[in-house]
1. Consider C11 against the criteria (1) free of Cβ contacts under 8 Å to residues at least 60 places away in the same chain; (2) within 13 Å of the ligand (Cβ to nearest atom): it satisfies all of them except one. Which criterion is unmet?
2. Count, please, the residues in the range 289-308 that happen to be in contact with a His (Cβ under 8 Å, 6 or more places away or on another chain) and either more than 21 Å from C109 (Cα to Cα) or in a loop (DSSP other than H, G, I, E, B) (or both).
3. What number of residues within the range 1-47 satisfy the criterion of being more than 19 Å from A85 (Cβ to Cβ), under 21 Å from the mean Cα position of the chain (by Cα) and part of a helix (DSSP H, G or I)?
4. For V244, state whether it is modelled with pLDDT under 95, aliphatic (A, V, I, L, M) and touching a Lys or Arg at 6+ places or on another chain (Cβ under 8 Å).
5. For the range 230-286, which fully contained strands (runs of 3 or more DSSP E) count at least 2 residues that are crowded, with 20+ Cβ neighbours inside 10 Å?
6. Can we say L303 is buried (at least 20 other Cβ atoms within 10 Å of the Cβ) and either more than 24 Å from the chain's Cα centre (by Cα) or modelled with pLDDT of 95 or more (or both)?
7. Evaluate the range 289-299: report whether one residue or more is under 22 Å from F194 (Cα atoms) and surrounded by fewer than 18 Cβ atoms within 10 Å (Cβ to Cβ).
Amino acid sequence: MEKVNVGIIGCGRIAQDQARSAVQLKNTKVVAVCDTNETAAGAFAQKFGIPKVYTDYERMLENQQIHAIYNCTPNFLHAEVAIAAANAKKHVLTQKPFANTLEDAYKICDAAKKNNIILQAAFFERFRGYCAGIKNCIDRGNIGKVLMIKAQMSHEGIGKFYHPRTEWFGDCKLAGGGCLADMGAHHLDLMRWFAGSEADMIDAQIGFSEDWQTETNAIVNLTFKNGVMAQGHWSFSTIAPEGVCYDKFEIYGDKGTIFVTCDSKEEPSIRLVHKGDIQWQEYAYEEVDGFYGMEEHFANCILKGKVPFTTGEDGVVSVKTILAAYESARTGQRQRL
Ligand SMILES: NC(=O)c1ccc[n+]([C@@H]2O[C@H](COP(=O)([O-])OP(=O)(O)OC[C@H]3O[C@@H](n4cnc5c(N)ncnc54)[C@H](O)[C@@H]3O)[C@@H](O)[C@H]2O)c1
């Protein structure tokens with residue numbers, strides 16, 4: 001096999017980003033799409049030149065030409081679709097949050113193991129050039145021992161430009177949560193990666209606004225087993241220029257500091273200062289589109305039989321952490337992970 005034949009399930013917002021990258025990859029061919037909305041699936045297939053269209057993912061999984069699927073369905077379907085795909089012996093790249101419950105998260109991993117397929121959690125941020133650059137900067141000892149990490153992600157208005165038509169997104173039961181589950185899923189994974197350790201304790205506060213069922217603001221504090229302290233702020237209610245999603249990181253070590261502010265329109269600078277420096281310097285990194293990197297890696301793992309960089313187990317840790325944060329917000333108590 002030289003190329004991995006992929007079927008995309010769910011043709012909404014994120015599938016556009018995934019397909020845009022997939023059609024550029026040398027090791028991947030998108031051969032089919034599926035959406036319960038036939039018009040959406042047809043338009044999507046036409047836009048990206050994809051030959052086969054389904055409206056029932058179980059029918060699509062019967063297609064023997066398909067080696068792997070991108071699971072781009074709403075959160076409440078992640079487990080159902082991932083498990084069905086694994087049972088049909090398709091490799092699975094599945095969107096975040098990995099699952100809405102811990103039980104579902106474990107079931108996805110079990111199905112992958114039982115069927116001996118590659119399961120990759122779609123933490124695309126880890127593949128973004130600047131996130132990999134931050135990790136590289138830390139690992140090269142530029143800031144010494146990491147002491148504290150601050151992360152922020154925010155944008156304006158779930159009902160405005162960002163999710164103009166997605167009903168499940170604002171429904172607690174279907175989405176599993178608001179900005180904590182949605183944005184926190186990315187940053188909790190990144191903070192764990194940057195800290196190089198597992199979270200030990202967590203506490204969280206969540207806030208509601210905009211007449212929305214799920215939380216639109218969240219602040220989470222974590223302590224990692226190696227002593228690193230971290231704080232994440234995630235918000236759907238930040239006033240920001242139209243279409244902008246901020247990402248911010250401040251990483252403090254005993255020998256230096258990293259600052260990064262990304263407004264989602266341009267690749268950001270990684271600003272670095274060492275103890276004793278009189279000004280910031282720029283830390284160079286290779287620009288990589290996160291979706292491109294993630295999907296290229298997924299196909300390589302399938303072709304070469306390698307374990308993915310972001311596994312189902314990373315997905316399980318992420319779900320555990322998100323649920324512990326919600327429990328802390330509900331009870332007002334710190335939670336041990
Ligand atoms: N990585 C990121 O940065 C990022 C960004 C946005 C969304 N996401 C994730 O991607 C997933 C999808 O989000 P979205 O914004 O694209 O949602 P969306 O609502 O725009 O798209 C979901 C699509 O799935 C289709 N669908 C629903 N049930 C289906 C079924 N049974 N079979 C096939 N298709 C079905 C819907 O018709 C819709 O077209 C979510 O889990 C979300 O958290 C990730």
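1. Exception for C11: condition (1).
2. Residues in the range 289-308 being in contact with a His (Cβ under 8 Å, 6 or more places away or on another chain) and either more than 21 Å from C109 (Cα to Cα) or in a loop (DSSP other than H, G, I, E, B) (or both): 1 in total.
3. Total satisfying the criteria: 5.
4. The answer is yes for V244.
5. In the range 230-286, the matching strands (runs of 3 or more DSSP E) lie at 245-253, 256-262, 270-274.
6. no
7. Within the range 289-299 (the criterion being under 22 Å from F194 (Cα atoms) and surrounded by fewer than 18 Cβ atoms within 10 Å (Cβ to Cβ)), the answer is no, since none of the residues qualifies.
One line per residue, one yes/no per condition, for (1) of a type in the set (V, I, T); (2) not assigned by TED's automatic domain parsing to the domain that holds C245:
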residue	(1), (2)
Y57	no, yes
C72	no, yes
N75	no, yes
A84	no, yes
I143	yes, no
L147	no, no
S154	no, no
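The values are calculated or read from the model by the stated rules, or taken from the named source; none is laboratory data. In this text, all values refer to a predicted model and were calculated from it rather than measured experimentally. Neighbour counts are summed over all protein chains in view; Cβ atoms, including those assigned to glycine, are modelled from backbone coordinates with ideal geometry.
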